[in-house]
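Enquirer: The structure under discussion is supplied below as structure tokens; questions concerning it will follow.
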Protein chains: 2
Amino acid sequence: VNGLFGGGKKDNKEDGQSKAGILGNMQNLYETVKKAQMVVQVEAVRVQKELAVAEFDGYCQGELVKVTLSGNQQPIRTDITDAAMELGSEKLSLLVTEAYKDAHSKSVLAMKERMSDLAQSLGMPPGLDGLK
Amino acid sequence: VNGLFGGGKKDNKEDGQSKAGILGNMQNLYETVKKAQMVVQVEAVRVQKELAVAEFDGYCQGELVKVTLSGNQQPIRTDITDAAMELGSEKLSLLVTEAYKDAHSKSVLAMKERMSDLAQSLGMPPGLDGLK
């Protein structure tokens, strides 16, 4: 009779066990992924707090204007020298933009490096720094 | 004999089938997730290109200084009026920073809105806009 209608109780149990085995593993996998996500989130918040208080100075040619941005590109301070003032509004506008671009690229570079260090420390592939 | 040594050929086949079924589903799931990731990546690049050419103007009090940033906070232009020049370097430095902060917050807000629209259009939960 067993042969006719597929496995007897023991076989179903084995079949059930293998299904439960697979589903059990998927449950563990799910828990592990969840924990990993938590770690990543906690670390990402820590790095963002670090970046928020970091400062990056940018200059225009001749350092007549200095601009300071945070690690997440927030403007903090602008320092326009008297010498820069003498160049007139048009030229000064260009120098200010130049100094801001310098500070902005330094800040973005530092942020990307911190994010990619974080990704690597968490065992993620380096390519993830395109996350920004 | 079958009963003694667990299921006959047919039962192992069924057991094999259920395992293959589960693994087959996981393969499909994997393919689907892969495709979804591709779509997200293509859309994210499109949005970033849009933001890169968008412009956001920021002003200080009295609009004596105007600053223009792109949608990914790149400095594009600074416009310092002659009236602002008359206030001297210290006061002007404050006004420039104020105008940059205004432009920066507008640009970040627009970027977050675009990213959260994108996430929703892809069926992702809205909370993801904390991505930046």
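The values are calculated or read from the model by the stated rules, or taken from the named source; none is laboratory data. Just so you know, these numbers come straight off a predicted model, no measurement behind them. Cβ atoms come from the backbone with ideal geometry, glycine included; neighbour counts cover every protein chain shown.
Enquirer: Quick one: would you say A:Ala110 is modelled with pLDDT under 95, aliphatic (A, V, I, L, M) and assigned to a helix (DSSP H, G or I)?
Expert: no
Enquirer: Would you mind finding the one in A:Val40, A:Val45, A:Val67 that is surrounded by 13 or more Cβ atoms within 10 Å (Cβ to Cβ) and within 12 Å of another protein chain (Cβ to nearest Cβ)?
Expert: A:Val67
Enquirer: May I pose another question? Any residue at all in the stretch A:117-124 that's surrounded by 14 or more Cβ atoms within 10 Å (Cβ to Cβ), more than 9 Å from every other protein chain (Cβ to nearest Cβ), in contact (Cβ under 8 Å) with a residue 24 or more places away in the chain and in a helix (DSSP H, G or I)?
Expert: yes
Enquirer: Under 6 Å between Cβ atoms, at least 6 apart or on separate chains: pull out the pairs that start in the stretch B:36-52 with a residue that is within 26 Å of B:Ala103 (Cβ to Cβ) and end on any residue that is part of a helix (DSSP H, G or I) and at pLDDT 90 or above.
Expert: Going by the 6 Å Cβ cut-off, the qualifying pairs are B:Val47/B:Arg114; B:Leu51/B:Met111.
Enquirer: Could you please give the count of residues in the stretch B:70-110 that are more than 7 Å from chain A (Cβ to nearest Cβ), of a type in the set (Lys, Arg) and without any contact (Cβ under 8 Å) to a residue 40 or more places away in the chain?
Expert: Looking only at that region, the number is 1.
Enquirer: Next question. Of all residues in the stretch B:48-64, which are surrounded by 17 or more Cβ atoms within 10 Å (Cβ to Cβ) and small (Gly, Ala, Ser)?
Expert: Selection gives B:Gly58 alone.
Enquirer: Within the stretch A:15-34, which residues are more than 11 Å from chain B (Cβ to nearest Cβ) and within 33 Å of the chain's Cα centre (by Cα)?
Expert: Of everything in the stretch A:15-34, those that are more than 11 Å from chain B (Cβ to nearest Cβ) and within 33 Å of the chain's Cα centre (by Cα) turn out to be A:Gly24, A:Gln27, A:Asn28, A:Tyr30, A:Glu31, A:Thr32, A:Val33, A:Lys34.
Enquirer: Name, by its number, the condition in (1) under 30 Å from the mean Cα position of the chain (by Cα); (2) more than 21 Å from A:Lys91 (Cβ to Cβ); (3) surrounded by fewer than 19 Cβ atoms within 10 Å (Cβ to Cβ) that does not hold for B:Gln73.
Expert: (3)
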